[in-house]
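Beneath this line is the structure, given in structure tokens, with notes to follow.
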Amino acid sequence: MADNLVIVESPGKVKSISKFLGKGYKVEASVGHVRDLPKSQMGVDIDNDFEPKYITIRGKGDVISKLKKEAKTAKKVFLATDPDREGEAISWHLAKILNIDEKQKCRVSFNEITQNAVKNAIKQPRTIDMGLVDAQQARRVLDRIVGYKISPLLWKKVKKGLSAGRVQSVATKMICDREDEIENFESQEYWSITAKLSKPKASPNFEARFYGIGKEKVELTNEEQVNSILDEINKSQYIVQKVKEQEKKRAAAAPFITSTLQQEASRKLGFTTKRTMMVAQQLYEGIEIKGHGSVGLITYMRTDSTRISADAQNEAREYIKTKYGQNYIPENPRVYKNKSASQDAHEAIRPTYMDMAPEGLKEFLSAEQYKLYKLIWDRFISSQMSSAIYDTVSADITAGKYMFKANGSKVKFPGFMVLYIEGNDVEGKEEDGEQNEKENNLPQLNEGDILELKKNTPKQHFTQPPARYTEATLVRALEEKGIGRPSTYAPTITTILSRGYVLKEKKLLVPTELGKIVNDIMKNHFENIVDTEFTAQMESELDDVEDGNKEWKAVMRDFYSSFAGVLKEAEESIGDVELPVEVSDVQCDKCGRYMVVKHGRFGKFLACPGFPECRNTKPIVEEAGVECPLCKGKVLIKKTKKGKKYIGCERNPECSFMSWDMPSPNKEMCPVCGAFMLQKSSGKKKVLKCSNNKCTSNTEASTDTTK
């Protein structure tokens with residue numbers, strides 16, 4: 001029988017922590033929350049100063065009984081739940097259930113699951129931080145009031161199953177507002193002129209872009225203006241007027257916080273925010289490593305602080321020196337500034353052990369665990385490396401009265417870029433940062449040099465509307481506006497997708513008609529709830545509660561005094577809302593009605609409008625535009641339940657044709673048997689193969705279509 005009981009949240013941590021603490025300690029898991037507000041009712045006594053009515057969560061009886069039994073025989077109980085508001089609240093609820101005095105030093109927290117961190121935490125227990133608990137209670141009660149007061153109104157006026165919430169409603173509004181910007185955008189024409197020039201006896205050619213007249217920038221707005229300028233500059237002499245050479249430094253990106261990890265995992269790995277946090281949780285809680293047992297590979301993944309401990313910095317610097325050399329270590333350790341709203345409760349997300357590089361652990365990790373761990377590893381190590389150094393040159397080149405500008409750069413010292421370059425978002429498309437770091441070499445230019453014009457290339461452009469949000473850019477926008485906290489980004493996006501307010505099309509978030517209707521109701525009747533500044537202010541007030549500067553029930557009183565009146569007015573003024581119905585040209589097999597388009601968990605489908613009398617449904621069929629190689633029927637593009645696309649014959653199951661590969665973009669036909677060709681990816685190459693598995697062409701070398 002152990003003298004000490006340690007209670008953690010997740011069963012995944014039990015093995016690791018047990019190993020660190022030894023025989024005198026028994027480690028058990030609460031498996032998340034043990035008490036919460038009831039689901040069947042609001043659970044907040046508004047008339048009794050917003051007193052929450054907590055109940056034991058259904059299904060947790062056995063867990064609680066076991067914890068009570070273990071606590072009764074233990075001399076000391078340590079509450080070691082996660083180091084954030086939610087974890088503090090879970091410890092408080094456990095203390096209530098186990099009859100532990102709040103003033104007792106029973107709370108331990110650690111940012112990483114390592115032997116030193118766990119043992120040091122056990123040596124320094126503290127009392128439960130009621131500031132953190134009250135901030136969590138305030139958020140929970142606030143969200144419960146908003147959700148349980150507005151959601152029934154939406155059920156009554158629109159349809160059942162809808163929900164409203166502080167952060168999810170703001171996120172939906174941001175997506176709808178962006179869609180409005182796109183729909184109302186008026187494209188403007190503009191032009192550019194690029195001169196291809198060369199310096200005699202020097203190579204290669206280089207490009208310069210039209211700037212204006214002298215130092216005054218001229219905007220090119222139409223073809224007539226461009227042709228007029230071309231008439232002059234095609235006859236002009238191109239002369240180097242000014243050359244400026246300088247050395248520029250570029251520092252590495254800060255180590256990950258929750259939001260930047262979610263953004264970068266989306267850009268570079270294609271992970272959703274939910275998937276990123278799920279895999280990060282696994283890495284934090286512990287992975288079985290041969291010879292080491294269960295090892296927590298990263299620090300806590302819900303954080304908004306870029307702070308790194310001195311020990312971790314020193315270990316990283318030693319690793320960099322050994323692997324890359326002294327030149328790659330900056331004179332002083334890198335320290336990154338936190339944003340004003342960050343809590344600095346724990347460190348940035350980083351590896352816990354410098355002797356466990358990703359490559360050495362690959363055999364013990366799943367593919368997605370390895371990818372995310374390597375991303376975190378590379379980002380952290382690069383954040384402690386020397387800056388990259390560029391030699392840059394800019395040249396002003398005259399052509400008569402007109403000015404062109406040429407810019408060039410060359411990496412003098414790569415610094416952190418030997419390991420990692422931060423990705424970025426360009427016009428809604430995630431691009432790897434490496435693509436934007438190409439060198440642009442200019443020949444040696446001197447003032448007075450006369451250049452030879454090879455060609456002037458005019459090009460017409462049109463301004464583009466703002467890009468739709470991706471999960472990554474939405475997280476960034478929420479963070480920049482101070483909406484939500486690290487723990488809320490992933491569940492917020494999951495909620496608005498599952499409610500059908502937003503669809504994901506090729507990684508872009510697009511509002512549905514339902515989302516627009518709900519958003520209009522929220523904007524017109526609950527302006528404060530969806531106002532970004534109001535929501536950010538509420539987050540700030542919750543931070544004040546955490547810091548002990550405000551009493552949480554006072555925050556609730558201030559909020560509800562205006563919310564109650566707004567709610568009453570909305571109930572009286574909102575009429576019944578009729579949802580638009582998209583009618584298809586497909587007739588129901590059972591009753592003959594024309595089926596309508598519905599949105600489900602796995603996307604759009606067809607349903608009979610005669611529900612509930614007729615419950616017939618059908619998938620929406622997308623034709624691939626080719627004939628089945630086996631029976632000449634239509635080939636359809638289908639999806640698995642997890643959303644993965646494949647193609648199959650319309651006559652399935654009578655016809656067995658299916659393929660995970662898609663038809664080639666140009667619908668090429670096999671020269672041997674005449675069946676359509678499939679495009680198959682092989683690494684970075686794309687190869688064509690015949691869709692007819694029996695065709696002799698598939699036994700020969702595949703056609704390489706790499707360009």
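List of remarks:
- Qualifying residue in the range 264-285 (condition: farther than 30 Å from Tyr469 by Cα, of a type outside the set (Asp, Glu) and either open to solvent by less than 30 Å² (accessible area, probe 1.4 Å) or outside the structural domain of Leu542 (by the TED database) (or both)): no
- Which numbered condition Thr306 misses (of (1) without any contact (Cβ under 8 Å) to a residue 60 or more places away in the chain; (2) of a type in the set (Ser, Thr, Tyr); (3) assigned to a helix (DSSP H, G or I)): (3)
- Residue in the range 125-133 that is under 23 Å from Val518 (Cβ atoms), in a helix (DSSP H, G or I), modelled with pLDDT of 90 or more and open to solvent by less than 20 Å² (accessible area, probe 1.4 Å) present: no
- Residue in the range 233-252 that is nearest to Thr306 (Cα to Cα), counting only those that are open to solvent by 20 Å² or more (accessible area, probe 1.4 Å) and assigned to a loop (DSSP other than H, G, I, E, B): Ala251
- As a summary of the residue check, Val27 satisfies the conditions (1) within 20 Å of Gln104 (Cα to Cα); (2) touching a residue at least 60 places away in the same chain (Cβ under 8 Å) except for the one numbered (2).
- Residue in the range 342-365 that is modelled with the highest pLDDT, counting only those that are farther than 19 Å from Gly291 by Cβ and open to solvent by 50 Å² or more (accessible area, probe 1.4 Å): Ala345
- Within the range 625-684, the only residue that satisfies the criterion of being free of Cβ contacts under 8 Å to residues at least 24 places away in the same chain, among the charged types (D, E, K, R) and on the phi > 0 side of the Ramachandran plot is Lys632.
- Looking only at the range 70-94, and only at residues there that are out of contact with any helix residue (DSSP H, G or I) (no Cβ under 8 Å at 6 or more places or on another chain), at pLDDT below 95 and assigned to a helix (DSSP H, G or I), the one that is farthest from Val146 (Cα to Cα): Thr73
- Where strands (runs of 3 or more DSSP E) fall entirely within the range 371-428, those with at least 2 residues that are under 27 Å from Lys199 (Cα atoms) are at 388-399, 402-413.
- One residue stands out in the range 153-204 among those that are part of a loop (DSSP other than H, G, I, E, B) and modelled with pLDDT of 90 or more: the one that is farthest from Ala477 (Cα to Cα), namely Lys199.
- Residue satisfying condition, being in contact with a Lys or Arg (Cβ under 7 Å, 6 or more places away or on another chain), under 27 Å from Ala265 (Cβ atoms) and open to solvent by less than 70 Å² (accessible area, probe 1.4 Å), within set Thr470, Thr488: Thr470
- Extreme residue, nearest to Val8 (Cα to Cα), among residues of the range 134-153 that are crowded, with 21+ Cβ neighbours inside 10 Å and of a type in the set (A, V, I, L, M, F, W, C): Ala135
- Residue in the range 631-680 that is farthest from Val597 (Cα to Cα), counting only those that are open to solvent by 100 Å² or more (accessible area, probe 1.4 Å) and hydrophobic (A, V, I, L, M, F, W, C): Met669
- Number of positions in the range 367-380 that are touching a residue at least 24 places away in the same chain (Cβ under 8 Å) and either open to solvent by 20 Å² or more (accessible area, probe 1.4 Å) or not assigned by the TED database to the domain that holds Lys321 (or both): 3
- Selection status of Lys689, within 20 Å of Glu627 (Cβ to Cβ), modelled with pLDDT under 85 and crowded, with 17+ Cβ neighbours inside 10 Å: no
- Qualifying helices (runs of 4 or more DSSP H) (wholly inside the range 510-606; at least 3 residues being open to solvent by 40 Å² or more (accessible area, probe 1.4 Å) and at negative phi): 513-525, 532-546, 552-573
- Where Tyr324 falls short, out of the listed (1) at pLDDT 95 or above; (2) open to solvent by 50 Å² or more (accessible area, probe 1.4 Å); (3) within 22 Å of Pro83 (Cβ to Cβ); (4) among the hydroxyl-bearing types (Ser, Thr, Tyr): (3)
A quick yes/no check of all residues on (1) outside the structural domain of Met42 (by the TED database); (2) among the charged types (D, E, K, R); (3) buried (at least 16 other Cβ atoms within 10 Å of the Cβ); (4) free of Cβ contacts under 8 Å to residues at least 40 places away in the same chain:
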residue: Val170; (1), (2), (3), (4): yes, no, yes, no
residue: Asp180; (1), (2), (3), (4): yes, yes, no, yes
residue: Ile193; (1), (2), (3), (4): yes, no, yes, no
residue: Leu197; (1), (2), (3), (4): yes, no, yes, no
residue: Arg209; (1), (2), (3), (4): yes, yes, no, no
residue: Thr221; (1), (2), (3), (4): yes, no, no, yes
residue: Glu224; (1), (2), (3), (4): yes, yes, no, yes
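- For the range 41-93, filtered to residues that are under 32 Å from the mean Cα position of the chain (by Cα) and hydrophobic (A, V, I, L, M, F, W, C), the residue that is surrounded by the fewest Cβ atoms within 10 Å (Cβ to Cβ) is Met42.
- Condition broken by Glu331, with the remaining ones in (1) modelled with pLDDT under 95; (2) not in a loop (DSSP other than H, G, I, E, B) satisfied: (2)
- Selected residue [at pLDDT 95 or above and not hydroxyl-bearing (Ser, Thr, Tyr)] from Arg476, Arg468: Arg468
- Contacts under 6 angstrom Cβ, first residue in the range 39-50 being in contact (Cβ under 8 Å) with a residue 40 or more places away in the chain, partner assigned to a strand (DSSP E or B), 6 or more apart: Val44/Pro52; Phe50/Val44
- Test: residue in the range 455-471 that is at positive phi and either in the same structural domain as Leu162 (by the TED database) or touching a helix residue (DSSP H, G or I) at 6+ places or on another chain (Cβ under 7 Å) (or both): no
The values are calculated or read from the model by the stated rules, or taken from the named source; none is laboratory data. A quick note: this is a predicted structure, and the numbers were derived from the prediction, not measured. In this analysis, Cβ positions are derived from the backbone assuming ideal geometry, glycine residues included, and neighbour counts consider all displayed protein chains. These accessible areas exclude ligands, DNA and RNA; they are computed on the full protein's heavy atoms, side chains included. Shrake-Rupley method; radii C 1.70, N 1.55, O 1.52, S 1.80 Å.
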